[in-house]
Amino acid sequence: MRRFAGLLRAVNVGGRKLLMADLKRIAAEAGFDSPATLLASGNLLFGSRLAPDEAEAALEAAIAKDQGLKADVMVRDHAQLQAVIAANPFPQQAKDEPNRLMAMFLTGTPQAGPETLENACGAGEQVRAGPGCLYVWFPGGAGTSTLSNTLIERRLKVRGTMRNWNTVGKLEALLAG
């Protein structure tokens, strides 16, 4: 059995509530082993014999059935998170201001490159492609940026969910366990 991180998109924002206790229960009832959550932003750790895409589909269906909530789930294993960390094009920012560096985990392959986002970037903001993700550097903070999740998804024609670098590191460490 492999351990995975399931990263839910757009939960506990904009009125889309999902309690982490409910998420753990839903995952357990769906047959996932030892579900645990990290923070209240839709990070689920679990064991499964399913392939990542099968686990995504099973979790999405279980959440929809139990909560009536459509939530994309991006499933990554330890090696995938290690690859994201190893390929980080912003190592100094990750060290100095990890809360301003985001990894946007994607549901698939973008239909356009990150260069299509350049004119939407604010002062100093940068976007780079990575393994199954984008790296987004927000020197002024993500909360004030016009480079939103929705804008990125619309331009690249792929859905995704962002996690700051601190969270990426914690998820990787928990999967290394």
Residue satisfying condition, being surrounded by 13 or more Cβ atoms within 10 Å (Cβ to Cβ) and in the same structural domain as residue 164 (by TED's automatic domain parsing), within set 26, 85, 63: 85
Subset of segment 136-177 [within 18 Å of residue 113 (Cβ to Cβ) and aromatic (Phe, Trp, Tyr)]: 137
Test: residue in segment 85-104 that is over 24 Å from residue 144 (Cβ atoms), in contact (Cβ under 8 Å) with a residue 60 or more places away in the chain and charged (D, E, K, R): no
Residue tally, condition within 18 Å of residue 176 (Cα to Cα), of a type in the set (Ser, Thr, Tyr) and under 19 Å from the mean Cα position of the chain (by Cα), over segment 11-52: 2
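Could you tell me whether any residue of segment 30-48 is farther than 20 Å from residue 172 by Cα and either buried (at least 19 other Cβ atoms within 10 Å of the Cβ) or in contact with a helix residue (DSSP H, G or I) (Cβ under 9 Å, 6 or more places away or on another chain) (or both)? I'd like the intermediate steps shown before the answer.
Going residue by residue through segment 30-48, those that are farther than 20 Å from residue 172 by Cα are 30-31.
Pick out the ones that are also either buried (at least 19 other Cβ atoms within 10 Å of the Cβ) or in contact with a helix residue (DSSP H, G or I) (Cβ under 9 Å, 6 or more places away or on another chain) (or both) and you get 30-31.
Yes, because at least one residue in segment 30-48 is farther than 20 Å from residue 172 by Cα and either buried (at least 19 other Cβ atoms within 10 Å of the Cβ) or in contact with a helix residue (DSSP H, G or I) (Cβ under 9 Å, 6 or more places away or on another chain) (or both).
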Members of segment 132-154 that are part of a loop (DSSP other than H, G, I, E, B) and surrounded by 12 or more Cβ atoms within 10 Å (Cβ to Cβ): 132, 138, 139, 140, 145, 147, 148
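The values are calculated or read from the model by the stated rules, or taken from the named source; none is laboratory data. What you see is a predicted model, and the numbers here were worked out from it, not measured in a lab. No Cβ is skipped: glycine too gets one built from the backbone with ideal geometry, and neighbour counts run over all protein chains shown.
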